[in-house]
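To keep things clear, I will list the structure first and then write my remarks on it.
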Amino acid sequence: MRPLEPFAEVLLIEPDVHRDDRGFFLETWQRDRYAEAGVDGTFVQDNLSHSRRDVLRGLHFQNPRPQGKLVQVLRGAVFDVVVDVRVGSPTFGRWGGCRLSDEGRRQLWVPDGFAHGFVALSDRADFHYKCTEFYAPGAEHTLRWDDPEVGIEWPVREPVVSEKDAAGESLEALREAGHLFGEG
């Protein structure tokens, strides 16, 4: 497990994959081993999304009732992105991204205080995430995926975005509304 730049708290996890001519085996979660590395939470909900190529989902976060997320791709490939939405953090407003796929089997730990999203790079992408808090629609906020203040370099020119995600707010608007972490 190693940090995803530029964040110390977001962890890129390389599980031990045991392969042979029959296929492969890996542990996707082992409480004690993950806790030692800093992924210490009680998971209360698992989610699975299916997307076609160029579908962009996010950037979502909950406040209050923040969700830590352990994410991985079960089929296909995505470009996964996190944005620090913790006011006062030295990395506030900065983003980090990585490719996750069913070939590498890597996972990403996204702790509280980060907006999260991804774009599908393959014809189909099945994306799984374990959450430390239940989905709370009234606490969910969407950071606009193309906010110029954040400046994410998405690898897709014309992503397919839902109406909800297209209506996401800028980092500045979310800050002015008091929706970010570390305010008040």
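We did not get these values from a lab; they are worked out from the coordinates using the rules stated. Here the structure is a predicted model, which is why all the values come from computation and not from measurement. Glycine also receives a Cβ, built like all others from the backbone with ideal geometry; neighbour counts cover every protein chain displayed.
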Those GluC sites (Glu not before Pro) from region 1-83 that are DSSP loop and have at most 12 other Cβ neighbours within 10 Å turn out to be Glu27
Place a point 7 Å from the Cα of Ala37 in the direction of its beta carbon; the residues of region 107-127 whose amide N falls under 20 Å from it are 107-114, 116-117, 127
With DSSP loop assignment and no more than 15 other C-beta atoms within 10 Å, the GluC sites (Glu not before Pro) in region 86-184 are Glu103, Glu149, Glu153, Glu183
Longest the chain segment clear of trypsin sites (Lys or Arg not before Pro) sitting in DSSP loops (not H, G, I, E or B) with at most 13 other Cβ atoms within 10 Å runs 23-156
Between the modelled labels at Val44 and His128 (7 Å from Cα along Cα→Cβ) the distance in nm is 2.2
If every Lys and Arg gets +1 and every Asp and Glu gets -1 at its Cβ, then about the Cα centre the chain yields a dipole, in debye to the nearest 20, of 340
Note to self, the chain gives a 222 nm [θ] from helices alone (DSSP H runs n ≥ 4, -39500 (n - 2.57) apiece, / all residues, nearest 500) of -2000 deg cm²/dmol
The chain, Gaussian network, Cα under 10 Å: of Pro137, Pro111, Pro159, the residue fluctuating most is Pro137
Per the rule of 0.36 nm per residue minus the C-alpha distance, extending Ser162 to Glu149 adds in nm 2.6 nm
Comparing Leu143, Leu74, Leu108 in a Gaussian network model of the chain (Cα, 10 Å), the one with the largest mean-square fluctuation is Leu74
Plugging the Cβ-Cβ distance of Glu103 and Arg2 into 1/(1 + (r/R0)^6) at R0 = 22 Å yields, to the nearest 0.05, a FRET efficiency of 0.75
Listed residues Gly168, Gly117, Gly23; largest mean-square fluctuation, Gaussian network over the chain with Cα springs below 10 Å, found at Gly23
